[in-house]
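Worksheet: the structure to be examined is printed underneath.
The values are calculated or read from the model by the stated rules, or taken from the named source; none is laboratory data. Just so you know, these numbers come straight off a predicted model, no measurement behind them. With ideal geometry, Cβ positions are generated from the backbone for all residues, glycine too; neighbour counts draw on all protein chains shown. Each accessible area value is taken on the protein alone, full model and side chains, heavy atoms only, with ligands, DNA and RNA left out. Shrake-Rupley method; radii C 1.70, N 1.55, O 1.52, S 1.80 Å.
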Amino acid sequence: MSKLTPKIYQFYLASNTIVPFVVSTVFFVTFLLTFEMFRILRLMSSDEVSISFVAGLMGDVAITLVPMAIPLSMFFSVIYSLGKLSGDSEYVALRAAGLEKFRILIPYALVSFLVALNVYYLGQELVPNAHTRVRTKVKIISSASLIQGIKGGQFFTAIPNITIFPSKMNDETLDLEDVFLHIYNPGQVLDKVIWANTGKILHDKNEATGIETFKLLLNNGNITSFSKGESDVEKILFQEYVLPISEKRFSYDPSTKEIMMDRKELKAFIDAGLEEAKKQNFDKKDFFNAKYEYWNRMNTPILCILLSFLGFGLGITGNRGKSKNPTGKALLFMIGYYVVFFSMVNVARSGSIPPWLAMIIPGVILFGFGIYYYRKLDWVS
């Protein structure tokens, strides 16, 4: 084994981690995406959103969840890979052939470093852009629609100078029966009363331009026009009549948040200071969140490496006949890490410690446990 080129076994060990890593990443992203989509679906107020729009939104949300999922995926994939390696006695064979544990660690460390590098660049550009697209699309689907509130047997007065009363309305097809409209303008003396036997709402909300139009297609009715203070009345019968009701343009530009800034924008925002941030309508909380986001983007890649190192020690499920429960311990470590992490963040929020220190402390604790379990793997001959 000592004459065997390191590239062979290193490639073998690294390849055993890649597939579990990809599968677990997809699992964690899908799991987190489920909760996010429940939240987004509750915001939807329009039935005009296309399937492609929803699919694009889900894709953008998934991108924003990747930095959160990858450290967990790295942790559990290393544990799974080494558990399988030791379960098949391959780890014992490697150690018996004279390989030091450090040389077995190298391919896992290399994979975790490459993953961390990609997570870093992902968090600086791609994820902020995805956050911007998500907030824009959420604003689109949560915008109050022009036709929201139209119900059968109720007066609809949300649009100025127009009153609409349909006796019946099909919420799915938007078909109307026995439709009454009163159109008036306080600056003019002419009023119109429209009645139609049946009708249909023609509603369109353009996702690209942000323009929403509301028209009524009326059938078999009449239009009565009369001037205030005069006895003249004009009545017109129609079989089909399209009546433009309203058109509105929405502004879908979301308010800027720290998660939407790329690295340069976030750095410039922090360097400008709190007073400059207040001039841009940001408060102290927003400024702290910006510093938290800046350092968290640095911390997430480091967390990938630390969890990979800890997973290496936990993953060896058999050592001199002894067995462990690595999955259970891994869950406890993850819960403990985030308890300490968010506790430190709350301390930093109060101003007692800087945000970067709040992230270093739980990382150092995690690294300490990694060293402890790494040393427990020492071969006893």
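List of remarks:
- Scan the range 294-318 for residues that are under 19 Å from the mean Cα position of the chain (by Cα) and open to solvent by 30 Å² or more (accessible area, probe 1.4 Å) and the total you get is 2.
- Residues within the range 68-119 that are in a loop (DSSP other than H, G, I, E, B) and either at positive phi or open to solvent by 20 Å² or more (accessible area, probe 1.4 Å) (or both), tallied: 5
- Per-region count, the range 6-38, residues aliphatic (A, V, I, L, M), surrounded by 12 or more Cβ atoms within 10 Å (Cβ to Cβ), farther than 17 Å from Ser308 by Cα and at pLDDT below 85: 1
- Selection count where residues are modelled with pLDDT under 80, polar (S, T, N, Q) and under 15 Å from Ile245 (Cα atoms), scope the range 169-219: 1
- Annotation note: of Pro355, Pro326, Pro362, the sole residue that is at pLDDT 95 or above and surrounded by 11 or more Cβ atoms within 10 Å (Cβ to Cβ) is Pro362.
- Taking the range 272-306 as the range and being among the acidic types (Asp, Glu) and assigned to a loop (DSSP other than H, G, I, E, B) as the test, only Asp283 passes.
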